[in-house]
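What follows is a set of notes on a single structure, which appears directly below.
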Amino acid sequence: MNSLSQRLVVLATTLLAAGTAPLAFADDASFKKLMDTGVDALNKSSFAAASDSFSEAQKVAEQDHNDFYRSLSMSRLADVRLRERKYSEAETIFKQSLALAEKAKGAGRSVVLMDLNSLGALYLAQANFAEAEKYLKRVISMLDANNSDTLINRKFLPTALDNLAVVYRSTKRFAQAEALYKRAIPLWEQVGGPEDADTATSINNLAALYYYERKYAEAEPLFVRSLAIREKTLGANHPEVINNANNLILVYRALKKTSEAEALSKKFGGTNAGEDSNAPAVLTGAGVDTDEWSRHVQAGREHLKEQRYAEAEKELQAAVQEAQKGGVEDRRLAATLYNLGHVYVKQKDYEKAESIYSRSLSICQKVCGDNDKEVLKTQTSLAKLYTEQKKYEKAEPLFKHVIAVQEKALGRNHKEVADAMNNLAAMYAEAGRKSESASYERRARSIDAKNTKAQ
């Protein structure tokens, strides 16, 4: 399963075996072998090998002037370029393939469907939602007009429905996205069964849609079901299973089901950020390549630790762009911005740091509520930044809010309360308010002493 929620359909072998090709010609076996080899390499993400096989297949087809085979080989070559993120080159080849497939008429119909869906996925990857919608609607219209029950057509339809749902979710047309997911899920069940990976992905994406709309009760059973499917088929340590578990943890938290959230967090140990305060749980929804996002975030944070701030900024900005492809602000985007804010602080670019922290905080508050742990963490970082800039009037209420929330949630004698008080004491000391600084220092020491004695 491609980690992108926009889906590509690689059916070259199926098309040839299903009798959709025209009458065989002299090099039919050679062409089929090259295409089989290319599809196998593409499925393994061996892009150079796939490109070589499809290019050779195209040459074979051109020698016999076979438009169907030419279009099929070019379509697969364009898929390679798309997965390599060479969008301009992929677009050109897809459109050339589409023209040939339409010329081939009946035999080329399936390639027309593949090219239309792939062009939709290509434009979706570039956030060109208007063009993506246009091409995906053509796929759905073609299939709705001809209710063939072949495996090929049944797979094309839910693929296009899922891709168009991503477009609608990205453009905040949530009701239309919901309708498409609800139509796609039973179709995926027909194609692969109720415990198929594609079925689980559509269920997860519908649940994510409900989460963004704060329909937590509707999201919960869908996340439960998609997690069960993925855990059974992929194993507990697979990234998609871990992502799904994090999704469900977020829903449990939103529903105040603390015990369920804690139990799931323990079961998938380390999936909910663990000891890493810079990696909050994230909601993985449609439109974002989670692997690509994670790669940029991890690289950015490593560069930050190594004090290579220019490289860290570049990687984290790329992660922000990837996170924004979902079209909806979520905890993943908030976490990325939070890390990027750290980079600007280290570079002493306080204006940018304040803007980035503030945006991260706004997203966290909207998604998680004012008293969430990640909200408090971001408020603390922002307050420290204000202290560094001597904007004490802005820092003070943030520090006090953090203390008040933590006292209520954790108790007055918790270590984190003492840490928050020490932060406020340090701010008062910087501001020259010595008596207030000393008061909070004493309270923090008292808490620490009680905790030490209790141990």
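Looking for something outside the structural domain of LEU410 (by TED's automatic domain parsing), within 25 Å of GLN307 (Cβ to Cβ) and among the β-branched types (Val, Ile, Thr) - is there at least one such residue anywhere in the stretch 356-372?
yes
Every residue in the stretch 432-447 that is surrounded by 15 or more Cβ atoms within 10 Å (Cβ to Cβ) and of a type outside the set (Ser, Thr, Tyr), please.
Step one: list which residues in the stretch 432-447 are surrounded by 15 or more Cβ atoms within 10 Å (Cβ to Cβ), which gives 433, 436-437, 439-441, 443-444, 447.
Residues satisfying the conditions are ARG433, GLU436, GLU441, ARG443, ALA444, ILE447.
Residues in the stretch 426-444 that are out of contact with any Asp or Glu (no Cβ under 8 Å at 6 or more places or on another chain) and under 15 Å from GLU416 (Cβ atoms): how many? So that I can check it myself, show each step before the final result.
Of the stretch 426-444, the ones out of contact with any Asp or Glu (no Cβ under 8 Å at 6 or more places or on another chain) are 426, 429-443.
Filter once more, keeping what is under 15 Å from GLU416 (Cβ atoms): 440, 443.
Total meeting the criteria: 2.
Among the residues of the stretch 82-112, what is the count of those that are of a type in the set (Lys, Arg) and either touching a Phe, Trp or Tyr at 6+ places or on another chain (Cβ under 8 Å) or outside the structural domain of SER46 (by TED's automatic domain parsing) (or both)?
Count: 1.
Of the numbered conditions (1) of a type in the set (Val, Ile, Thr); (2) surrounded by 24 or more Cβ atoms within 10 Å (Cβ to Cβ); (3) over 17 Å from TYR168 (Cα atoms), VAL139 fails exactly one; give the number of that condition.
Single failed check for VAL139: (3).
Can you tell me which residues in the stretch 399-431 are within 35 Å of the chain's Cα centre (by Cα), among the small types (Gly, Ala, Ser) and surrounded by 15 or more Cβ atoms within 10 Å (Cβ to Cβ)?
Answer for the stretch 399-431, where residues must be within 35 Å of the chain's Cα centre (by Cα), among the small types (Gly, Ala, Ser) and surrounded by 15 or more Cβ atoms within 10 Å (Cβ to Cβ): just ALA420.
Quickly run through the stretch 389-418 and pick out the residues that are under 24 Å from TYR344 (Cα atoms) and either touching a residue at least 24 places away in the same chain (Cβ under 8 Å) or of a type in the set (Ser, Thr, Tyr) (or both). It would help to see each step written out before you state the result.
Looking only at the stretch 389-418, we keep the residues that are under 24 Å from TYR344 (Cα atoms), and these are 389-399, 402.
Once the filter is applied, which keeps residues that are under 24 Å from TYR344 (Cα atoms) and either touching a residue at least 24 places away in the same chain (Cβ under 8 Å) or of a type in the set (Ser, Thr, Tyr) (or both), the stretch 389-418 yields GLN389, LYS390, TYR392, ALA395, GLU396, PHE399, VAL402.
Would you confirm whether any residue within the stretch 226-236 is more than 20 Å from GLU178 (Cβ to Cβ), assigned to a loop (DSSP other than H, G, I, E, B), out of contact with any Pro (no Cβ under 7 Å at 6 or more places or on another chain) and free of Cβ contacts under 8 Å to residues at least 24 places away in the same chain?
Yes, the stretch 226-236 contains at least one residue that is more than 20 Å from GLU178 (Cβ to Cβ), assigned to a loop (DSSP other than H, G, I, E, B), out of contact with any Pro (no Cβ under 7 Å at 6 or more places or on another chain) and free of Cβ contacts under 8 Å to residues at least 24 places away in the same chain.
Just to be sure, is PRO186 at pLDDT 85 or above, outside any helix (DSSP H, G or I) and farther than 18 Å from LEU116 by Cβ? Reasoning before the result, please.
Values: at pLDDT 85 or above: yes; outside any helix (DSSP H, G or I): no; farther than 18 Å from LEU116 by Cβ: yes.
In short, no.
Pull up the stretch 279-295, narrow it to residues that are over 22 Å from LYS377 (Cα atoms) and surrounded by fewer than 23 Cβ atoms within 10 Å (Cβ to Cβ), then point me to the one that is modelled with the lowest pLDDT.
Within the stretch 279-295, the match that is modelled with the lowest pLDDT is ASP289.
Pairs under 7 Å by beta carbon, first residue in contact (Cβ under 8 Å) with a residue 12 or more places away in the chain in the stretch 168-190, partner of a type in the set (D, E, K, R) and crowded, with 20+ Cβ neighbours inside 10 Å, six or more apart or different chains?
Going by the 7 Å Cβ cut-off, the qualifying pairs are ALA177/ARG169; ALA184/ASP162; TRP188/ASP198.
Residue-wise test of (1) within 19 Å of TYR123 (Cβ to Cβ); (2) of a type in the set (Val, Ile, Thr); (3) buried (at least 21 other Cβ atoms within 10 Å of the Cβ); (4) touching a Leu at 6+ places or on another chain (Cβ under 7 Å).
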| residue | (1), (2), (3), (4) |
| --- | --- |
| VAL167 | yes, yes, yes, yes |
| GLN176 | yes, no, no, no |
| PRO186 | no, no, no, no |
| GLU189 | no, no, no, no |
| ASP196 | no, no, no, no |
| SER202 | no, no, yes, no |
| LEU206 | no, no, yes, yes |
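The values are calculated or read from the model by the stated rules, or taken from the named source; none is laboratory data. Bear in mind the structure is a predicted one, so any value in this text is a computation, not a measurement. Because the Cβ atoms are built from the backbone with ideal geometry, glycine has one as well, and the counts that use them run over all protein chains shown.
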